[in-house]
Amino acid sequence: MTSKIKKLRSNIFKDKVNNPLLESFDMDKVDRKIENSKNEEDKNIAEKYKERIITIIENENYLVREDENILVHIKKYCIEHEITKYTRRGQIYDRFNDTLNDTVRNIFRKIKSIKKDSTEWNNYNTMEKIHWLFINDMNVQEFEFKRLEYASTRKFYIGHIARNHQNSLKENIISMYRHFKNIVKDDKKSNDFYMGEPYGDFEKETRQYKYGKFNVYVDLSTKNEKN
């Protein structure tokens, strides 16, 4: 745990993007990087960088629109809170297989149904609301978001949130450690546990997680109180 905290405090995330919204930003310089690429890999990286810059500019221009149409409002919210897109290793990916406009329309359809009858919605906890609005019947492709499809995952997070609000940091760490020990003791469960990039030790591709090229898993059986 100590080593992981130190790692998070270090400059582990090297992603750097010069602000494309500033007047001083030079798009021609980006184009020159593409033209002067020494090999296909460098060219591909430069082209993806340009795509990311264009996306940032387009989204920012959309956010300053004064149109208060409900669909526009939802779209702005999705952009501002990175609901439909996410950044991984300096590149932008889509959370959904559908286009942004299709995703917005699906969310709008769900919101309209809530307005007609909010009884069931009001009985949902936070995780269930996120699942119903953004995941259920949505074409989600991002693994970390898609995990909320599973009731067991939602149950874990709602319990985790409740404990975080009630317990001290020490109590939360002890509770999490016990949870991991119980996984190791359960012969029906794999010791390979998805932790995400900040904590992961090795790569692993599964049916749900198809990246397979980032250190996102840990072997819980090899861990103890110190590591």
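The values are calculated or read from the model by the stated rules, or taken from the named source; none is laboratory data. The model shown is predicted, which means the values in this text are computed figures rather than measured ones. FYI the Cβ positions are ideal-geometry reconstructions off the backbone, even for glycines, and counts take in every protein chain you see.
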- Does PHE214 satisfy the criteria of being surrounded by 15 or more Cβ atoms within 10 Å (Cβ to Cβ), closer than 27 Å to THR103 by Cβ and not basic (Lys, Arg)? yes
- Message: Which residue is surrounded by the fewest Cβ atoms within 10 Å (Cβ to Cβ), if the candidates are limited to the stretch 113-167 and must be more than 27 Å from GLU197 (Cβ to Cβ) and hydroxyl-bearing (Ser, Thr, Tyr)?
- Response: THR119
- The condition of being without any contact (Cβ under 8 Å) to a residue 24 or more places away in the chain and touching a Leu at 6+ places or on another chain (Cβ under 8 Å) holds, among HIS73, HIS131, only for HIS131
- Task: Considering each residue of the stretch 139-155, count those that are aromatic (Phe, Trp, Tyr) and free of Cβ contacts under 8 Å to residues at least 12 places away in the same chain, and give that number.
- Result: 1
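Here's the yes/no breakdown for (1) over 23 Å from GLU144 (Cα atoms); (2) modelled with pLDDT of 80 or more; (3) out of contact with any strand residue (DSSP E or B) (no Cβ under 9 Å at 6 or more places or on another chain):
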{"site": "THR55", "(1), (2), (3)": "no, no, no"}
{"site": "ASN69", "(1), (2), (3)": "yes, no, yes"}
{"site": "TYR86", "(1), (2), (3)": "no, no, no"}
{"site": "SER118", "(1), (2), (3)": "yes, yes, yes"}
{"site": "ASN122", "(1), (2), (3)": "yes, yes, yes"}
- Task: Hand me the list of helices (runs of 4 or more DSSP H) wholly inside the stretch 138-227 holding 3 or more residues that are among the charged types (D, E, K, R).
- Result: 151-166, 169-185
- Query: Among the residues of the stretch 119-134, is there at least one that is under 17 Å from CYS78 (Cβ atoms) and either part of a loop (DSSP other than H, G, I, E, B) or small (Gly, Ala, Ser) (or both)?
  - Reply: no
- Of all residues in the stretch 142-176 being small (Gly, Ala, Ser) and closer than 14 Å to HIS131 by Cβ, the one that is modelled with the lowest pLDDT: SER152
- Query: Quick one: is HIS73 within 17 Å of the chain's Cα centre (by Cα) and either at pLDDT below 80 or over 30 Å from LYS170 (Cα atoms) (or both)?
  - Reply: no
